[in-house]
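To start, the structure under review is shown below, and the notes come after it.
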Amino acid sequence: MHIQLSRANKGNDGEGGLEGERGGSLFVVMDSNASTSDDATQRSPTEKTVVEGEDIISQLHETILSHILSFLPTMEAVHTSVLSTRWIHVWKSITNLKLDDSVLCHGKKVQKEQYVYFVNTMLLHANSSIQSVSLCLTCHHYDSSKVSAWIYSILKRGVQKLHIQYADKILFPSQTLFSCISLVQLVLQVRSTLSVPIFACLPNLKSLSISGIKLVSESSDYSQYVVLRFPLLKVFEARGCEWLTKQNIRIEAPILERFSVAIWRSLSNESHKSAIKICAPYLEDFSYEGDLEQEVILFNSSSIRSASVVIVVDEDRMDGMENLGFLVHNLLAQICEVEQLKLLFYKILMHGTNILIHLPVFRRLTYLQLNEVSGEALLNLLHNSPILNTLVLQNGVFGLSKEVLTTASVPQCLLSSLKDFVFKGFNVHEHELLLAKYMMANAAVLERMTIYTAFWLRYFVFMGSNAATTKDEARKHLTTWQAAIGAEDIISQLHESILGHILSFLPTMEAIRTCVLSKRWIDVWESITNVKFDDSVLCHGKKMQKEQYVYFVNTMLLHHVNNQSVSLCLTCYHYDSLHVSAWISSILKRGVQKLHIQYADKILFPSQTLFSCISLVQLVLQMRCNLSVPIFACLPNLQTLSLSGIMLVSESSTYSKDLILSFPLLKVFEAKGCEWLTKQNLCIEAPLLERCSIAMWKSLLSESCKSSVKIFSPHLTDFSYEGDLEQEIILLNPSAIRNASVVIVLDEDRQDRIGKVGFCVQELLTQIREVERLKLLFYKVLMNAANILTHLPVFGRLTHLQLNEVSGEALFNLLHNSPILNTLLLQNGVFDLNKDVMTTASVPQCFLSSLRDFELKEFNVHEHELLLAKFVMANAAILERMTIFTAFWLRYSDIDMGKLKEQILSFPKCSKSVTIKLSHVNE
């Protein structure tokens, strides 16, 4: 259909056009009384035939039309208003705005004044409930106040997804941003200063990416943290940002999975240096690039499996090498549980070769990538990586000699685990040849050694006997190694069942490709029992196209029936929901035992097929879907159940019955970020359950759907809850629980629920009163309701207690009710504690008979903290250790730490054998 858009007149347009240069050629119709500019009688016969054919799309409902228009650049969507009177107002109902000043209008770039008028008009007339806005201003320089006003207007409308790209400096509406609780995804690529309050929470934010931002604090008080809380955040990225806060920044993101920070050169003044503290117990992927001007402190970092650390220091900052080595060591110590590590240094190790001398043991590390490394540092890393499987070394090695290699002991990984060694940027230097020779002589299970020569060697002509000898020697060693690898093919002689078992450890696509090796291997892949579908796996060095991958999965499920274990990870494409549902249904009907599904988009899950799959032993669901639960369901062989992002709904509409999920053999149950939208109570019967973990940081339920979760598990020993207690947790027969963790987070907009939360907390603690170890953390709860921990049960077996943000009264109540407490760990201080309380308070029983270890973390030298330390030392009769970790900011304060230590040591001591330690490092 050919449509001609007419330019608005520059004179008196009437009601349909825009006046003067403000309108230009942007709009033809913007008013409800305007009509189309062309008369049907003026069209050519051919054009008339096409236009006068049946117009099906215009008959669709307006919501469908606006949804279609949401996929267009907004300027193009607005142009549809000239199609007919039916389309005049359709653009006003679109909820996804794409405001990009690089989009062409009639083949030409829009003038600045026209574009300003266009954006003003859009924000004035567009749908009041905008869900997504992309504001990309890359072609013109705009008035800063105008851009700020646009952003303010967008944030005030409850936007969920916001992407802003602008090169010039602007005054960002910080207060409006941190009060926009509707944000789910935020991308800021702007040069602006963001004023951060002492506490900020974006409860629904799941993805945050900032670039070019300067973070400053609203407060001038050094003693406080800047706390950024993101209960649902999964991805955090910051590139080229500056952290100009006087306080430490604490990022609390309980379900954060990926964290990436790139600060290549800090421009901060010395007085502004601070630490970045990250509290993310589920963090899996960590990346840091920069100069470590600001220390990065990771809390609960044991879950990190993949890490990248790139350190760059400018030539004019080489004088701080000693401090840099300390910071590098601290950072590596925090990520010592990683499985994959990229550790790159640029122009650093040549100046400070002792940086990698004192290293932690990387006991899980299987993949290590290095560059510009000294021989001593390389051997230290290898010695501290006992199960290393793959080593990638790029840009050479220096400081390596025969003496070092002769005297050095062979690392454990070379004897038992190293199978792949990749050497990139090989320059045929003597120390590189020495390293290659050493690896070949000592790596007992090495399977592949790949050497990529430096690019310049293509154009280099070896001249002289020494150069020729060196090259021949390298070739000789490599030929010997290749000959050893290319020996008799023993593996093909193994039984097919053994070969099938070996192939089960490969991604299924790689396993199938073995069919081209020989006739012996044509059908071997069909005997594998562990199928791994992962659309991120490369095929011939390239990612498989979506259509090819769908065909591949369909073919596999058609021809392969012996599936004991299936992993379906779909992370690269958006698939048809029906396809994914059909795949899952097909897998479940084949009697699978272990099933792992990871998919980000919503699908219609085959709930009935799932609950009838009695063969399941292990089930992991990381996906967004509704799971329809029958009144009674039983999975008799299930031993491990992990759910993430699942929404449980009930098949029944009656309120009279509980939903019963029976798992006779279940030992581990985990639910993270799930919603329980059942009208009935949810009852989990698992008589052998040993570990139960539930994390619901913010309930999105309506009042009518709220219910309780009942757990019947007489052998439960480890219980963990994180959330806001919107749903009551009822533990039946909880006396076996020995380890418990309770983390309560209450958003500021829910402070009216403090009374109910207090009741639920007391009920929950009463149920777990037989625990031996308890972690009890409250975030911004006790400061609003100090009486929550007033009525407590007696913890008759409790020996280890960890607390935070606790009031003096709550602390003493807990101590009085823990008669055999052995260890007390208090972090983030204590408040509302004064001399009168300490004077009148009776000494807890545990102080007189059992307390041996007391740790006080984040010590800020406040009066009430000193009072507490003094009270503990004066009354703990058998105390053996008291360790005080000072807050990070004290390193840069003018407080005399020597005098502080003397003051603490001068306090009266009830225990004669107590050891007091004051540490500057917050471990």
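The values are calculated or read from the model by the stated rules, or taken from the named source; none is laboratory data. A quick note: this is a predicted structure, and the numbers were derived from the prediction, not measured. Don't worry about glycine lacking a Cβ; one is built from the backbone with ideal geometry, like all the others, and counts go over all protein chains shown. Just so you know, the surface numbers come from the protein's heavy atoms only, side chains and all, with ligands and any DNA or RNA stripped out. Shrake-Rupley method; radii C 1.70, N 1.55, O 1.52, S 1.80 Å.
Here are a few things to note about the model shown:
- Spin-label model distance (nm) - residue 444 vs residue 129, 7 Å beyond Cα toward Cβ: 6.7
- Computed extension length for residue 109-residue 558: 156.4 nm, one decimal, from 0.36 nm per residue of separation with the Cα-Cα distance subtracted.
- Per residue accessible area of the stretch 559-697, 1.4 Å probe, in Å²: 41
- Ligands, DNA and RNA excluded, the heavy atoms of residue 601 present near 40 Å² of accessible surface to a 1.4 Å solvent probe.
- Projected onto its three principal axes, the C-alpha set of the stretch 151-247 covers 34, 31, 24 Å, listed from the longest axis down.
- Legend: P(r) of the stretch 348-438 from all alpha carbon pair distances, 5 Å bins from 0, whole percents, reading 3, 14, 25, 28, 23, 7, 1.
- Per residue, in Å², the accessible surface of the stretch 110-161 once ligands and nucleic acids are set aside, probe 1.4 Å: 44
- HN-Hα J in Hz across the stretch 428-441 - Karplus 6.51, -1.76, 1.60, θ = phi - 60°, x for Gly and Pro: 6, 7, 4, 5, 6, 5, 4, 5, 4, 5, 5, 5, 5, 7
- With the simple spin-label model, which puts each label point 7 Å out from Cα in the Cβ direction, the residue 551 to residue 451 separation comes to 4.2 nm.
- Among 164, 660, the order of accessible area from largest down is 660, 164, computed with a 1.4 Å probe on protein heavy atoms.
- Accessible surface ranking that places the most exposed of 366, 883 first, with a 1.4 angstrom probe: 366, 883
- Simple label model, 7 Å out from Cα along Cβ direction - residue 763 to residue 140, nm: 5.9
- Normalised by 2.2 N^0.38 Å, where N is the number of residues, the alpha-carbon radius of gyration of the stretch 526-676 equals 1.08.
- Solvent-accessible surface ranking, highest first, for 277, 424 at 1.4 angstrom: 424, 277
- With the cut-off at under 11 Å, measuring from each backbone N in the stretch 517-532 to a point 7 Å along the Cα-to-Cβ line of residue 496 picks out 520-528.
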